[in-house]
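To keep things clear, I will list the structure first and then write my remarks on it.
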Amino acid sequence: MKNVKEFFNDNINDWSESVLNEKRLCKIVETFYNCYSKAKTNKPKILDIGCGIGYESKILSDFGAKVTGVDFSENVIRSAKANVQNVDFVVADITKSLEDLGRFDGVLCLETLDYIDNDNIKNTFDNIATIMKSGALLLISVLDGDSKNEERSYIKVGDKEYDKNFYCYSAEALCTYAYPNFKLVDTWQFNDFNEGWRYYIFMKQSVNK
C-alpha cells in the first residue's frame, strides 16, 4: 500500500486545473492577510506550508505578501512552479528542520497537519516555531477529533491503494502540542462551507531557554 506522499505525487496532475479554479478558501486567506494589514505590517513575509499547487500562495502574493510555499511532494512543487508566478516554491518536510527557509512574519498551514501523526505533531510545531518571528501568527486548519480517520486515510485510485495517514485533532490537543512556543489567540468559523473543519490562529511566543 502506498503512502500519502506517493498519493499526491501520483495524482496531483489530475487535480491541478480544478484546484487553481477553487474559490472556497479565498475568504480564509484574505481574512488571514488582513490581520497583517490591521497591524500595518508592510509586505509581510509568509510561509505557506502544504502549499499544494500554490492556490493560497497566489492569493497572498496578489495581496502583496512575500510568499514561500513548501510541500513534501516533488510533483506538487513542480506543478506549483509551472502554474504560479512571484512565489518561491520549495520541497520541504515539516517534520524535519525548516531553518534554511529563513524567518517569517506569518505561517499558513491549511489542511496539512492532518497528515502528521501523533508521534510527529509536537516536533512539527517546534520546527515551525524556529522560523517564526516573535508575535507572528500561525493559521492552521484541521478536522476536529482525536484519532486517525480511517475513512479519509484509506483510498483507492484506479488499481492503486493508499494510506494517507489522516489524523484529526482537537483544539485542546493542538494547544498541548504547540506549548510553549505558541498561544491560541483566536478560532474562526466559516459556516457557509468546509463543514467539520476548524480554523485556529496561534501566536508565536518568546520562550526563554
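Has segment 149-156 got any residue that is of a type outside the set (Asp, Glu) and under 18 Å from LEU174 (Cα atoms)?
Quick first cut of segment 149-156, residues of a type outside the set (Asp, Glu) only: 149, 152-156.
With the extra rule that they be under 18 Å from LEU174 (Cα atoms), the set shrinks to 149.
Yes: one or more hits.
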Query raised in the report: Give me the pairs: first residue in segment 172-188 and within 10 Å of LEU137 (Cα to Cα), second residue assigned to a strand (DSSP E or B) and of a type in the set (S, T, N, Q), beta-carbon distance under 8 Å, and six or more apart or on different chains, which are they?
Result: none
Requested in this report: Name the strands (runs of 3 or more DSSP E) wholly inside segment 132-204 in which the number of residues that are at positive phi is 1 or more.
Outcome: 132-143
Query raised in the report: Of all residues in segment 125-146 being more than 26 Å from LYS27 (Cβ to Cβ) and without any contact (Cβ under 8 Å) to a residue 40 or more places away in the chain, which is nearest to the chain's Cα centre (by Cα)?
Result: ASN127
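Are any residues in segment 46-71 farther than 15 Å from PHE104 by Cα and β-branched (Val, Ile, Thr), and if so, which ones? Steps first, answer last, please.
Of all residues in segment 46-71, those farther than 15 Å from PHE104 by Cα come to 50-56, 58-59, 62-63, 71.
Hits for segment 46-71 are ILE53, ILE59.
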Report task. Residue by residue through segment 160-196, note down the ones that are exposed (fewer than 13 other Cβ atoms within 10 Å of the Cβ), modelled with pLDDT of 95 or more and more than 30 Å from THR130 (Cα to Cα). Result -> GLU161
Query raised in the report: Just checking, which of SER61, SER16, SER57, SER79 is under 18 Å from the mean Cα position of the chain (by Cα), crowded, with 17+ Cβ neighbours inside 10 Å, at pLDDT below 90 and assigned to a helix (DSSP H, G or I)?
Result: SER16
Requested in this report: Report yes if some residue within segment 103-124 is surrounded by 20 or more Cβ atoms within 10 Å (Cβ to Cβ), under 27 Å from SER147 (Cβ atoms) and of a type in the set (Asp, Glu); otherwise report no.
Outcome: yes
Query - Boolean, VAL107 is modelled with pLDDT of 90 or more, within 15 Å of the chain's Cα centre (by Cα) and part of a strand (DSSP E or B) - result: yes
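The values are calculated or read from the model by the stated rules, or taken from the named source; none is laboratory data. Every value quoted in this text rests on a predicted model; they were computed, and no experiment measured them. Cβ sites come from the backbone with ideal geometry, for glycine too, and all protein chains shown count toward neighbours.
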